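To start, the structure under review is shown below, and the notes come after it.
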Amino acid sequence: MRALAGARALTRARTADIAARRIDDEKPDVAKARKRARAQAGIKDAAGKPLPLHGPLSDLGIGGVGVELLFRSLRWSIVAFALLAAAASFSLADNVQANREVYARTSLLTAAIGPCCSRSASRVVSWQALPFLATMLILLGFLLFIRFKQRTVAQRNDGLHATAADYAVQVRRIPAHVSSADELHTFFSQFGAVEHIAVGHKSAAYVALLDEWKALEIEWRERREKLRVAGAQRGAENSGAKLETVRRLQVRLLELEEGMHRVKTHGAGAEATGTAFVAFTTERAKYDCLVEHNPSLITRALELLRPKAKRYHGVRLQIVVAPEPSDVWWENLEITRCSVALRAAFTFACTAALIVSSAVALTFLNRYKQEQVELLGDATLTEDGVLARASLGTGLSIAAAAVVTCVNELIKIAITRLTLFERRPTRTDYEESLYFKLALAYTINTVFLVLFIQPDPLRWSEEGGVFSQALFIALGTAAPELSKLLPVANLGARLLCTWSANTQAKLNKLWEPPAATMGEYYAAFTKTIAVGLVFGPGMPIVWFISLGTLLLAYWANKAALLRLNKPPPAMDAGLSNEFANMLSLLVLACASMMCVLLDSTLDGVQNRQDSLTPWAATMVALWALYQLAPFSCLPCFRYAAPSAGEPPPPTPLPP
């Protein structure tokens, strides 16, 4: 049987090599590369056809519940921000009317909360505090709605789209001396019939050799084609140096092939990683296995008084829900958690360096503004001086927004590559880690850094202050969404390198659609919401700008995922849950911002504390109530256990 399997594998390898050589021997054709790219791009339905742009969101569940929840969260956020913009319209009208007498008529700061909005305590309560309280109630309702709908959509998607992960668990901490598939099959059969067991082996060295082989193979074919074309044109022998280079590449390719075979059969590739994937024939068996190996504290205490019957050779296994088969990075299963943590620390250090550079640039702009205002002196009291100060503040605000946007792009590039360097075991783990780092860095650099550099609330409404910068920062959040529709890097590479491609493989690689990174999509979405929640209370027009950016993000993400990018691997609702947790913290930041604004806009008004303290305390108390309420005890927030009489999986399980 082993000889027959080896012969079949050798036949498949030779067939693939003949097909690859046939592709490279033909003349490069851009039309074929485009056709191949169109076939690779976009999420397809069960029949292999692209999903329509205007189809129902439930169809997106075929690409994973994480994709469907992204667009549902965007749609829910659009509705919430429309309500928030409507609630803030009263404050916006009052701000424009009150500030028109102080600022120049052409100034954008007439829409911000300024010193003339504090004419009386009753006016602030009716035109500021009441809209703020309505904003807080809308946000808390939005949080509850998302928390409930996430679970509902995940359960519905799980019922509509049966996948291998619905019947499989991931097993960790398996002892190396008892890691065979037969022993694991015997142990897990107590929970139900086992369909298949896949044991992870160390393959990092093999994958490294394979990646080097692929890169050298393309270079070898390119150089060989150039020599053939040059020899046909000159009608003479090729130069000895170029021929020697091609021969060295060919020798190196043979060495890499031998090294891959040696690693796979006798080297590290034969060693187990302590991780395996067990696929049952029913979902009930998977559920029982998870419950048995993830007990409560009381159950663990009772286990001390009884024999350890459920342990595997005296070891307590760590069993979690298995990812999709295409989601696993098998070459990373051997990487220890300590190594991943050290690399993650390096990622955070590099991100902190970028944020510090952004802080230095923003501090320089703030000091330059103060110096220029001091130089103007008494001239700012005249009409020309007011216009000059407004122009100065607007210019510096645009510069600050440009700094923030550029640093955000650098942060995205650095974190994306460094998180990949961390070598997470699954694509989902990578995406969740990428989202957390990007969302945190975006929020600090885009929102809190501006407030940290200018901490005095009484100066936020000045020309070039926090609110003026916030307006242009909010406008700048639309740029990354537009870049999804127009990937400049890919288009530039195609424009510059297509003419020099000598093989079809090189041309196919140039026209290959970019990969969709769900963590980046969720992080950009979170950044837009953070700008609106933190700056919206002080600059109500930001609510409307953020609403427009969310609409743009909805259609840009949809066009990118369905038409332009490679489909992402199927992922669970983990990213959406991380987004909900981050959104809760942003709502707290919004409540804190509203409390600061209510306190700072009433300087000089009598009974200030008596008028506004209850409003501020109410908003913070509502958020604390949401955080402490035991919503997980409600039936609508629980996961329903699968029934025992369910049918077997309709699709093949992971090999």
Handout entry: In region 503-520, the residues that are assigned to a helix (DSSP H, G or I) and open to solvent by less than 10 Å² (accessible area, probe 1.4 Å)
Key = 504, 507, 518, 519
Practice task
Test each condition in (1) out of contact with any helix residue (DSSP H, G or I) (no Cβ under 7 Å at 6 or more places or on another chain); (2) surrounded by 20 or more Cβ atoms within 10 Å (Cβ to Cβ); (3) within 23 Å of residue 552 (Cβ to Cβ) for residue 59 and report the one that comes out false.
Solution key: (2)
Exercise for the section: Return yes or no: is residue 481 open to solvent by 50 Å² or more (accessible area, probe 1.4 Å), touching a residue at least 60 places away in the same chain (Cβ under 8 Å) and either within 20 Å of residue 527 (Cα to Cα) or of a type in the set (Asp, Glu) (or both)? Expected result: no
Practice task
Taking the options 523, 474, name whichever one is in a helix (DSSP H, G or I), buried (at least 20 other Cβ atoms within 10 Å of the Cβ), modelled with pLDDT of 85 or more and under 16 Å from the mean Cα position of the chain (by Cα).
Solution key: 523
Completion exercise
Filter region 260-290 for residues that are modelled with pLDDT of 80 or more and of a type in the set (A, V, I, L, M, F, W, C); the one that is farthest from residue 330 (Cα to Cα) is 285
Practice task
Would you confirm whether any residue within region 248-259 is at pLDDT below 75 and either of a type outside the set (A, V, I, L, M, F, W, C) or under 27 Å from residue 331 (Cα atoms) (or both)?
Solution key: no
Practice task
Take region 451-468 and flag every residue that is at pLDDT 90 or above and either in contact with a Phe, Trp or Tyr (Cβ under 6 Å, 6 or more places away or on another chain) or polar (S, T, N, Q) (or both).
Solution key: none
Completion exercise
Listed by first then second residue, the pairs whose first member lies in region 545-565 and is in contact (Cβ under 8 Å) with a residue 60 or more places away in the chain, whose partner is in a loop (DSSP other than H, G, I, E, B) and open to solvent by 20 Å² or more (accessible area, probe 1.4 Å), with beta carbons under 7 Å and at least 6 positions apart or on separate chains, are 558/53; 559/53; 562/53; 565/514
Problem - Of residues in region 68-112 being β-branched (Val, Ile, Thr) and either touching a His at 6+ places or on another chain (Cβ under 8 Å) or modelled with pLDDT under 70 (or both), the one most open to solvent (accessible area, probe 1.4 Å) - result: 106
Practice task
Mind listing just one residue for me: the one in region 373-384 that is at pLDDT 65 or above and either more than 43 Å from the chain's Cα centre (by Cα) or open to solvent by 50 Å² or more (accessible area, probe 1.4 Å) (or both) and, of those, nearest to residue 465 (Cα to Cα)?
Solution key: 374
Fill in the blank from the handout: Considering region 19-56, residues that are of a type in the set (Lys, Arg) and modelled with pLDDT of 80 or more, and then whichever is least open to solvent (accessible area, probe 1.4 Å), we arrive at 44
Fill in the blank from the handout: Filtering region 323-371 down to residues that are under 30 Å from residue 163 (Cα atoms) and of a type in the set (Lys, Arg) yields 337
Fill in the blank from the handout: From the option list 550, 491, single residue qualifying as out of contact with any Leu (no Cβ under 7 Å at 6 or more places or on another chain), over 26 Å from residue 598 (Cβ atoms) and hydrophobic (A, V, I, L, M, F, W, C) is 491
Problem - Pairs, first over 16 Å from residue 415 (Cβ atoms) and among the β-branched types (Val, Ile, Thr) in region 332-357, second in a helix (DSSP H, G or I) and modelled with pLDDT under 90, C-beta under 8 Å, six or more apart - result: 335/204
Exercise for the section: For region 485-497, indicate whether the set of residues that are open to solvent by 10 Å² or more (accessible area, probe 1.4 Å), modelled with pLDDT of 85 or more, outside any helix (DSSP H, G or I) and under 24 Å from residue 427 (Cα atoms) is non-empty. Expected result: no
Completion exercise
Screening 215, 198 for residues that are in a helix (DSSP H, G or I) and either out of contact with any Lys or Arg (no Cβ under 7 Å at 6 or more places or on another chain) or buried (at least 18 other Cβ atoms within 10 Å of the Cβ) (or both) leaves only 215
Handout entry: Any chance residue 371 is in a helix (DSSP H, G or I) and either farther than 21 Å from residue 391 by Cβ or in contact (Cβ under 8 Å) with a residue 60 or more places away in the chain (or both)
Key = no
Exercise for the section: Test residue 173 against the stated conditions and say whether it is open to solvent by 10 Å² or more (accessible area, probe 1.4 Å), at pLDDT 70 or above and at positive phi. Expected result: yes
Handout entry: For residue 448: the one exception among (1) open to solvent by 50 Å² or more (accessible area, probe 1.4 Å); (2) modelled with pLDDT of 80 or more; (3) part of a helix (DSSP H, G or I); (4) over 24 Å from residue 580 (Cα atoms)
Key = (4)
Exercise for the section: State whether the residues of region 400-418 include one that is open to solvent by 30 Å² or more (accessible area, probe 1.4 Å), among the aliphatic types (A, V, I, L, M) and not in a helix (DSSP H, G or I). Expected result: no
Exercise for the section: Test residue 189 against the criterion of being modelled with pLDDT of 85 or more and either acidic (Asp, Glu) or open to solvent by 40 Å² or more (accessible area, probe 1.4 Å) (or both), and give yes or no. Expected result: yes
Practice task
Tell me, please, whether a residue that is open to solvent by less than 10 Å² (accessible area, probe 1.4 Å), in a helix (DSSP H, G or I) and modelled with pLDDT of 90 or more can be found in region 564-583.
Solution key: yes
Exercise for the section: Could you figure out which of (1) of a type in the set (A, V, I, L, M); (2) surrounded by fewer than 22 Cβ atoms within 10 Å (Cβ to Cβ); (3) not in a helix (DSSP H, G or I) isn't true of residue 539? Expected result: (2)
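The values are calculated or read from the model by the stated rules, or taken from the named source; none is laboratory data. Because the structure is predicted, anything quoted here is derived from the model rather than measured. Reconstructed Cβ throughout: ideal geometry from the backbone, glycine too, with neighbour counts over all protein chains shown. Keep in mind that these areas ignore ligands, DNA and RNA; they rest on the heavy atoms of the full protein, side chains included. Shrake-Rupley method; radii C 1.70, N 1.55, O 1.52, S 1.80 Å.
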